[in-house]
Amino acid sequence: MKFLLGEKIGMSQIFDNEGNIIPVALIRATPNVVVQIKTKEKDGYVGVQVGAGVRKVKNIAKPQRGHFAGLGNFRHVVEFRLNQSTALQRGERIDVSVFAEGDAVKVSGISKSKGFQGVVKRYGFHGAPATHGTKHAHRQPGSIGGGGRAGGKVIKGMRMAGRMGGERVSVRNLKVVKIDKENNMVAIKGAVPGRRGTLLEIRG
């Protein structure tokens, strides 16, 4: 399994050999550092803990400083679970060269937060008719059927207004279009979760 932590830079587009435009998400993935190796014997499962980014020392708790000793002051630490043991060692660096152009990847991250939204934006409700006597209710949800069916209460899972976005989202089967090792950049076809600066996990 291949994996990498990166920061979303934004959207762009590139041209293929036939002159077609390909929309791409640009991700900057400065070299990740292996912080810890989890083993079946010691931890009960196999995994790799990876650190990325830079943080001021004063903002890092003392136990974490000890955990990072000799490696750096990381802003992000993410653990990737593996199905089998790995040859990676503590302190080893992982860069964009682990992926190749054409690889299929899964990208995970926190989606854009949109605050408290109504049902039209949140779930795509059509709302009430714009004419024929509708007053002040064009974007309201309508009846939620709380009488006989639900026993006088709002049933669990009812689609209503509320906070939208800000959730962990994974997009599968995305294609790596370009690898720029000099600038630590990966171009992935299509859209990936989050705003600019969002931490993304790329798995191959």
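Points to keep in mind about this one:
- Filtered residues of the stretch 51-68 (kept if within 27 Å of Asn183 (Cα to Cα) and either surrounded by fewer than 16 Cβ atoms within 10 Å (Cβ to Cβ) or in contact with a Leu (Cβ under 9 Å, 6 or more places away or on another chain) (or both)): Gly51, Ala52, Gly53, Val54, Arg55, Lys56, Val57
- Qualifying residue in the stretch 2-10 (condition: within 24 Å of Ser111 (Cβ to Cβ) and of a type in the set (Asp, Glu)): yes
- Matching residues, the stretch 53-76, being under 20 Å from Leu200 (Cβ atoms) and of a type in the set (A, V, I, L, M, F, W, C): Val54, Phe74
- Criterion: in contact (Cβ under 8 Å) with a residue 24 or more places away in the chain, exposed (fewer than 14 other Cβ atoms within 10 Å of the Cβ), out of contact with any strand residue (DSSP E or B) (no Cβ under 6 Å at 6 or more places or on another chain) and not aliphatic (A, V, I, L, M) - qualifying residue of Lys153, Lys181, Lys135: Lys181
- Every test in (1) loosely packed, with under 12 Cβ neighbours inside 10 Å; (2) assigned by TED's automatic domain parsing to the domain that holds Ile9 is passed by Val192 save one, and that test is (1).
- Sole residue being of a type in the set (Lys, Arg), assigned to a strand (DSSP E or B), at negative phi and surrounded by 13 or more Cβ atoms within 10 Å (Cβ to Cβ), chosen from Lys114, Lys175: Lys175
- Pairs where the first residue, in the stretch 42-63, is touching a residue at least 24 places away in the same chain (Cβ under 8 Å) and the second is among the small types (Gly, Ala, Ser), C-beta under 8 Å, 6+ apart: Val46/Ser85; Gly51/Gly72; Ala52/Gly6; Ala52/Ala29
- Filtered residue count, the stretch 84-111, keeping only those that are of a type in the set (A, V, I, L, M), surrounded by 13 or more Cβ atoms within 10 Å (Cβ to Cβ) and in a strand (DSSP E or B): 4
- Hey, Lys121 at pLDDT 95 or above and not in a strand (DSSP E or B) or not: yes
- Flag for Ala161 being touching a strand residue (DSSP E or B) at 6+ places or on another chain (Cβ under 9 Å), closer than 30 Å to Ala104 by Cβ and touching a residue at least 40 places away in the same chain (Cβ under 8 Å): no
- In this entry, Ser143 passes the filter for residues that are without any contact (Cβ under 8 Å) to a residue 24 or more places away in the chain and among the small types (Gly, Ala, Ser).
- Cross-chain or 6+ apart pairs with Cβ under 6 Å, the stretch 90-119 first and of a type in the set (Lys, Arg), then not in a loop (DSSP other than H, G, I, E, B): Arg90/Val34; Arg93/Val33; Lys106/Ser170; Lys106/Arg172; Lys106/Arg203; Lys112/Gly165; Lys114/Met164; Lys114/Gly165
The values are calculated or read from the model by the stated rules, or taken from the named source; none is laboratory data. The structure presented is a predicted model; accordingly, all values stated were derived computationally and were not measured. Every residue, glycine as well, gets a Cβ built from its backbone with ideal geometry; the counts of neighbours run over all protein chains shown.
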